[in-house]
Amino acid sequence: MPYIQFLGAAGTVTGSKHLINTSSDASGKSGFQLLIDCGMFQGPKEWRERNWQNSPIPAGQIDAVVLTHAHLDHCGWIPRLVKQGFGGPIYATPPTIDLCGILLPDSGHLQEEDAAFYNRTRKSKHNPALPLYTFAEAQACLQYFRPVQFGQAQQLCPEMEFRFVHAAHILGSSMVELTLKSNGVNRRLLFTGDIGRVRNQNVAPGKVVHTGPTEHETADVLVMESTYGNRPHPKEDPRPQLAAVIRQTVQRGGTVIVPAFAVERTQKFLFMLKELMESGEIPRVPVYADSPMAIQAVEIFLKHTEEYSDTTRELIGKYGSPLDWPGFTFACTPEESKKINDSHDPSIIISSSGMVTGGRIQHHLAQRLPDPRNTVLFIGFQAPGTRGYTIKSGAREVKIYGETVPIRAQIAVFEQFSDHADPPELLEWLHTFASKPSVTYLVHGEPDASSKLRELMLSDLHWEVQVAQYMQKVEVR
Ligand SMILES: [Zn+2]
């Protein structure tokens, strides 16, 4: 029997890796082995340590990778897989490939910087501290990427083909509809990746990509994310409250620091700030987008017009490129980034990583967390075990670069900017299914989130639903 094995994002929200083996013998050796997503583990050390282990399936025996989207918890382990001997094609949508082209080298670069920092300050137990992969290694893996357009059928092997359909999560994000032929029968497997907000624009202000994942799906086996399985999003418009937080911070003479994913989330937030400034709801303070790929990120964002929602199209028509806005600065070099540190006038700083697991946001927070005039503004999901989660949860101190930093800044959390569907939205989407899957496996959720979503699906849909376990193998019947 062909089987699926959950090699990551099972029992946690990071490290997405799902293996499909077409093998008909129990050893699995004879089958075609496909990996859907190849994400990095982030958050608790117990999970992060798995990034350093060998692939549970020898990398050289994996035949292909299909990638749902460009978030690091879905693609960030690709350079490591290649380093361990993977040499097959990596299929992704064109926007996802563009995003990976800057995000993966950036991820390698950050790891080199962090390792160098630890070696300089001798703060690591490991001597010397090493990067998981380097900038050059990440760049080298880009040669394996192969573009596949949404809706286009792509043959993988005689028994399997797939096509991408819209997930509406971030730019280029897709679900994978996989058709698997076994013993003369075709089975449809649907891997959702991360699922965006469902339809109604009002519940997701500033949403960039067209609203809603592809509806009326059919699947025999559904492998579905459950990040927000236990938490409905607030429904009210966050903008008035957001404006109030920014105004108050500026009045105190403080700075607003926003940890955000560098592509899309940052641009979406920039457009929102621009609108609030133009309407006079917030003062015109300097805004810094601080990322080594700040300019490229805007360019990719503006390139993929086919992905926009009507709102995004209107905003771009009205305001043009953020690169031309007065008062908005895009810092790419370390020197430009350091200059932001020197400024003590009120400003807004947006920097990555979004969960403070690495990147320049660490410098900004180390410098500005101890000052009660400042505000840290969270607009994205924070996985347990990440620094972002610690700060968001009201801790009084946090370790950054091995130093204990006291947290005296104000903390503001907005869940409305989420790019994940919440439970009512997920159910709304599942109700559009043309037929009921024979089994659903929930992945990509903390245990409580997955089990709450399972209960909801049982009572609302009466489907067979299981929570996937790490390393578990399930037969595709
Ligand atoms: Zn994602």
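The values are calculated or read from the model by the stated rules, or taken from the named source; none is laboratory data. Since the structure is predicted, the reported quantities are computational estimates derived from the model, not experimental observations. For neighbour counting, all protein chains shown are included, and Cβ atoms are generated from backbone atoms with ideal geometry for every residue, glycine included. These accessible areas exclude ligands, DNA and RNA; they are computed on the full protein's heavy atoms, side chains included. Shrake-Rupley method; radii C 1.70, N 1.55, O 1.52, S 1.80 Å.
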Length-normalised contact order of segment 58-199 in % [C-alpha pairs under 8 Å, at least 6 apart]: 23
5 angstrom amide H check on L156, placed H, neighbours 5+ away: E161, F162
For A409, residues with placed amide H under 5 Å, excluding near neighbours: D371
Compactness index (Cα Rg / 2.2 N^0.38 Å), segment 205-295: 1.42
Net charge of neighbours whose Cβ lies under 11 Å from the Cβ of M175, counting Lys and Arg as +1 and Asp and Glu as -1: -3
Positive minus negative residues near L190 (Lys, Arg vs Asp, Glu; Cβ under 13 Å): -1
Inter-site label distance for K399 and S435 at 7 Å from Cα along Cβ, in nm: 5.3
Over segment 91-172, equivalent-ellipsoid semi-axes from the Cα gyration tensor in Å: 36, 14, 10
Euclidean distance of C-alpha centroids, segment 296-342 and segment 207-277, integer Å: 16
Size descriptor, Kirkwood hydrodynamic radius, that averages inverse alpha-carbon separations across segment 265-374, Å: 14.9
Burial ranking of peptide ranges 155-166, 378-389 (average Cβ count within 10 Å, highest at the top): 378-389, 155-166
From the C-alpha gyration tensor of segment 329-443, square roots of 5λ in Å: 36, 16, 14
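Sort the following peptides by mean Cβ neighbour count (other Cβ atoms within 10 Å, averaged over residues), highest first: 101-114, 464-477, 251-264.
251-264, 101-114, 464-477
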Surface share of carbon and sulfur [accessible, 1.4 angstrom probe, percent] for segment 57-152: 53
Span per principal axis, largest first, for the Cα atoms of the chain (Å): 69, 51, 38
Förster radius 41 Å - calculated FRET efficiency between K181 and W52 (Cβ-Cβ, nearest 0.05): 0.65
Whole-number accessible area per residue in Å² for the chain, which is evaluated in the context of all protein chains at 1.4 Å: 38
Table column - 3J(HN,Hα) (Hz), segment 222-232, Karplus curve with 6.51, -1.76, 1.60, x for Gly and Pro: 10, 10, 10, 6, 9, 3, 9, x, 10, 9, x
Cα-based equivalent ellipsoid of segment 72-125: semi-axis lengths in Å, sorted from largest, via gyration tensor: 27, 14, 8
Solvent accessible area, Å² - K303, 1.4 Å probe, full protein context: 120
Distance histogram in 5 Å bins (all Cα pairs of segment 146-304, percent per bin): 2, 7, 13, 16, 16, 14, 11, 8, 6, 4, 3, 1, 1, 0
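With an 8 Å cut-off on Cα pairs and a minimum separation of 6 or more residues, tell me the relative contact order of the chain in percent.
Relative contact order comes out at 19 percent.
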Given charges at beta-carbon only (K, R positive; D, E negative), |dipole| of segment 224-298 in Debye: 180
Förster radius 41 Å - calculated FRET efficiency between A136 and M1, Cβ distance, rounded to 0.05: 0.50
Relative contact order (%) - criterion: Cα under 8 Å, at least six apart; region: segment 369-477: 22
Per-peptide average of other Cβ atoms within 10 Å, ordering 428-437, 292-301 highest first: 292-301, 428-437
Hz values of 3J(HN,Hα) by residue in segment 440-446 - Karplus curve (6.51, -1.76, 1.60), Gly and Pro given as x: 10, 10, 8, 10, 6, x, 5
Under the Karplus curve 6.51 cos²θ - 1.76 cosθ + 1.60, θ = phi - 60°, whole-Hz ³J(HN,Hα) for segment 132-144, x wherever Gly or Pro sits: 4, 7, 9, 3, 5, 5, 5, 5, 5, 6, 5, 5, 8
11 Å beta-carbon shell around R252, net charge (K/R +1, D/E -1): +1
Most positive-pole-ward Cα, G354, V298, H364, against dipole of segment 280-391 from beta carbon charges: H364
Student exercise, segment 1-134 dipole from Lys, Arg, Asp, Glu Cβ charges, in Debye to nearest 20: 520
Unit charges on C-beta of K, R, D, E only; dipole of the chain, Debye: 1060
For segment 1-144, alpha-carbon Rg over 2.2 N^0.38 Å: 1.07
Calculated log₁₀ intensity ratio I(q)/I(0) where the Debye formula runs over C-alpha points of segment 330-391, q = 0.16, 0.24, 0.25 Å⁻¹: -0.53, -1.13, -1.20
Spherically averaged projected area of segment 388-428 from its Cα convex hull (nm²): 4.1
Options A153, A59, I90, ranked by Cα towards positive dipole end of segment 32-177, top entry (Cβ charges): A59
